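The values are calculated or read from the model by the stated rules, or taken from the named source; none is laboratory data. All of these numbers come straight from a predicted model, not from anything done at the bench. Cβ placement follows ideal geometry from the backbone for every residue including glycine, while neighbour counts extend to all protein chains displayed. Heavy atoms of the whole protein, side chains included, go into the accessibility calculation; ligands, DNA and RNA do not. Shrake-Rupley method; radii C 1.70, N 1.55, O 1.52, S 1.80 Å.
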Amino acid sequence: METIDRIKDLAVKELALDPGKIDPSAPLDTLGVDSLTFIEFMFKVEDEFGVKVSDEDLRKIKCLADLERHVAASLQAAGKA
């Protein structure tokens, strides 16, 4: 399964999002995700993929596609991709 698909599946499960309405490039707030909810979601993402997201990186993530790029780069850097 592709990284973005795993992130979308996790978002559906953890954030109760409608899978048919998830646009990976849509700003998180348009999906109804506030900053606190997103931080909690990030802990799930870190557990799911075995990567860490720094506070600095977290501020740069504005949509699920940004998150996917960060996770993919982290996995590649760790030799897990």
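Could you state the per residue volume, in Å³, of the convex hull enclosing the Cα atoms of the chain?
It comes to 83 Å³ per residue, whole-number rounded.
Once label points are set 7 Å from the Cα along Cα→Cβ at both LYS21 and LYS44, what is their separation, rounded to one decimal in nm?
1.6
Within segment 21-47, what residues put their amide N at less than 11 Å from the label point 7 Å along the Cα-to-Cβ vector of VAL12?
Counting backbone N atoms under 11 Å from the label point, the list is 21-22.
Based solely on its DSSP helices, what 222 nm [θ] is calculated for the chain when runs of n ≥ 4 H residues each add -39,500 (n - 2.57) and the sum is averaged over all residues, nearest 500 deg cm²/dmol?
Mean residue ellipticity at 222 nm (helix-derived): -18500 deg cm²/dmol.
Rolling a 1.4 Å sphere over the protein heavy atoms, what is the accessible area per residue of the chain, to the nearest Å²?
Solvent-accessible surface per residue comes out at 63 Å².
In percent, what relative contact order does the chain have, based on Cα pairs under 8 Å that are 6 or more apart in sequence?
The value is 36 percent.
Could you give the length gained by full extension between GLU56 and ARG69, i.e. 0.36 nm per residue of separation minus their alpha carbon distance, to one decimal place?
Residue separation times 0.36 nm, minus the Cα-Cα distance, leaves 3.2 nm.
For the chain, with all protein chains present and a 1.4 Å probe, just round the carbon and sulfur fraction of the accessible area to a whole percent.
49
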